[in-house]
Each structure stands twice: as C-alpha cells, then as structure tokens.
1. Which values, in whole Å and largest first, are the semi-axes of the equivalent ellipsoid of the stretch 265-373 obtained as the square root of 5 times each eigenvalue of the Cα gyration tensor?
2. Using only the alpha-carbon atoms, what does the chain span along each of its principal axes? Please give whole angstrom values in decreasing order.
3. Classify the stretch 88-131 as rounded, prolate or oblate, taking a ≥ b ≥ c as the square roots of the eigenvalues of its Cα gyration tensor: rounded when a/c is under 1.5, otherwise prolate if a/b is larger than b/c and oblate if not.
4. Working out 0.36 nm times the residue gap between T408 and M169, then minus their Cα-Cα distance, what length gain in nm do you get to one decimal?
5. Given 0.36 nm per residue, what is the gain on full extension from V317 to I128 after removing their alpha carbon distance, in nm?
6. By how many nm would the segment from F178 to R432 lengthen if fully extended, with 0.36 nm per residue of separation less the alpha-carbon distance?
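Any read-out appearing in this document is the output of simple, stated calculations on the displayed coordinates, not a laboratory observation. Since we're looking at a predicted model, the values are computed, not measured.
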Amino acid sequence: MASIFKFNNKTAIAVVIANMIGTGVFTSLGFQLLDIQSGFSLLMLWVVGGVTALCGALTYAELGAALPRSGGEYHFLSQCYHPIAGFISGWISSTIGFAAPVALASITFGAYLSSIFPSLSQLGLAIILIVILTIVHSSTHQKSAGLQWIFTLIKLLLIVVFCFAALIMVDVPQEISFMPNEDDFDILTGGVFAVSLIYVSYAYNGWNAATYLTGELEDPQRNLPKILVIGTLSVLVVYVALNFIFLYSTPIELLKGKIEIGYIVAQSIFGELGAKLTGVVMALLLVSTVSAMTLAGPRVIQVIAQDFQLFRWFSVVNKSRIPARAIYFQSVIAIIFVVTSSFETILVFSGFALALNNFFAVFGIFILRYRQPNLIRPYRTWLYPLPPLVFLALIGWTIFYIAKEKPTEASMSVILIIVGALFYKFSLKFERKHPAETS
C-alpha cells in the first residue's frame, strides 16, 4: 500500500503566507483613506491587525496541537463547545470562509489584467483562474504542493523587489508623517479605526490556514505552532512595508476609495509602462492566493462530510486521496460570488462572519482548559492568557463597530448563521432516518 502523502513545513508555511497575502493588502488602503489620513495611524492599523493575527495564531497553535485533526474552527468548536457550534462554524467556512476570498482575489486578478489588456474580460479571467486551479488541486498532492510553493516564493520575491525599486525610484516622497501626533490617540481609540480594522483583519485572514490541513501535515503536534507563527510574522512585516511604500510614494488623493491600489502606486512610481508590467505582476501574486484557498478550504467541507451523513458525498476522495468533490463545490460557490456580488459587499460580509468564527474559536481555549485540564498539550500558548485576551478584545471591538456601522452586512452574517443551525437540525433528522447508511 502506498504511503499517505504529507505536506511538509515549507508547503504549509507557504499556504499560510499565500492565504494571507492577497486581495486585502492591495485593495483596502483606499477604503481606509476615506476616514484616516494619518500615516502613523494607517501603519498602526496593519501593526494592530498583525498583532491580533499573531495572538490568534499562538492560540490556534495550542488548539491544533491538542486537537490534531483537519477542519480548523469546525473541529475546535465541536470539541470546545458543542457539535452545533462546530457545524455552524464549518458552515461559515464552507459557504463563504474560503469561497468569498477566492472570489475577491479572482475578481482583482481579472481587474488587473483587463485594465492592461482591455480586450480581455474581467469576469472571464476570474472564472478561468478558479477553474484552472481547481483542476490542479484536485489532481495530485505533488502537483498541488509544488504549484503552491512556487507561486508563494515568486510572490514574496516580487514584493521585495517592488519595495526596493520603489524606494530607489521615488525622488520626492509624499508629505505624510509616519510619526505620531496629538490627533492619533483619538483616531486609534475611535470607531473609524475599529471599522477600518475589518479591512485589515480581512487582509490577515489566513493566519489559521494550516489548521485546515492538520491531518495532512508532517508531525502536526510539533510543527503546527512554528508554521502558524512563522507565517503570520512574515506577513506582518510584508504588510507594514507595503503600506509604507504605498503612502510614501503616491498622493493620498489618488488612492482614496480605489480598489486597484497596487496599479495606481505602480503608475505613480514607474509611469504608465511600468504600471502595466506591475499590473501583470500583481495579477501573478493573486494566483498563489486563490491557489492556497482552493487547497485549504475544501478540507473543512471534507471533514464535515465525514461526520454528517447528509453531506457524505463530499467526503469522497480520489485515487490520490484528495477531496476533489469538496474542491469542486467550493469553486462553484466562488464562481457564483464572482458573477453575482459586488466587491465591497463580499469583503465586509465575509470579514464580519469570519471574525465571529475566529472570536469563538479563540475563546474556546479557555473552555477547553477548563473542561479538559488533563488533555495532552504538546504546545501551550506563550504568555497565556495574554494572547487570547488581546485577540478577543481587538476582534470584539471590531465586531461591535461593524454591527453598528455596517448593519446590512452584519445582518447577512446572522442570517447565514441561522441557516447553518437549521441545516444542522435537518442533518440530525436525516441521520435518524438513515441510520444504516451512517458509517
């Protein structure tokens, strides 16, 4: 019998980094600038977002090492709270948690290329990208892992080159101060900062990506913590550097309210031809993002399907032991998002729902330590309980202000949760009616 393939640390870190560095950092600054023009406060958004993600990663590292099964929040919440909490969490991850970011990254991919080559369809390019990566990731582990590592390495190298080239090419930096002033305290403690954090939190989504692959990692109880922490810290540095370059090189007025931030900055630094070349580069960066989410997300669907007879069809793996049906399902949902929804609606809606998901997963560490104090924990959260408390405070603050400032998107998330609960109840009835089919 052939040995079961395991993703090594290199590939797993690549999945974490690629899940995080995608649409958010190249699009969200324009929305933030509508309300905040302080260079210090804007960079602090990315520092605070990175610290929040790191605190979440430190907490997830303990949960993942103590509960080593694929599925991420679905598995954590099922064990820490109740199966219905896990199901609703998995429902969120399965329906929008990965499909929505895949759609956003694909839309941005199409936007960059179609702005350079007007004859190409933005919608068509987005769909083609999803289809191609679906085919690759549903083939073999070797092809899937190889493509992910190569495109993530290319992404990091291109970002480093872009930052250094920008510093060299900009003769006169913008008149924006990155030093704190007396107004920054009010900004940092206000609702505007909290709402802007939802865009930043969305950009950092993916710090938990390796937990969806726990069952396919080499020695996950030992390696998962370092994978999560290395991946998250790397992205924090990259995000602060990129946003410094954006603000250092390009007038704020050109960036306000715009989505294609990368293209506008490149145009400001390198001129029209350079911007077109950079646009192609930006599009290539997004390939690894869509790839990573197409790789990680369907594992949640697969684990849910293993536990619930109603969805068992999605648990079937191909001859390479890849959950191909789950991959196809997620990609179909992503394509529906691409065709039917606006960019900002998808971003805020999915960002709010995922923040709720992460909030309750991180709170689960307190529940698990109370309920199972003797559970073997190969890794314990560093400086516990500080990291989970910091994460809960910052994410809770953001959730409160999003519910207040963006009630429509928040309501959509609540409806999604209710539908998930109804599906859970229906699936239990299905189990009772088909006991012989339950494995």
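1. On the way: eigenvalues 242, 96, 42 Å².
Each semi-axis is √(5λ); the values are 35, 22, 15 Å.
2. Result for the chain: principal-axis Cα extents of 71, 48, 40 Å.
3. Working: a/c = 5.24, a/b = 3.28, b/c = 1.60.
Prolate is the answer for the stretch 88-131, as a/c is 1.5 or above and a/b outweighs b/c.
4. 81.7 nm
5. 65.7 nm
6. 85.3 nm
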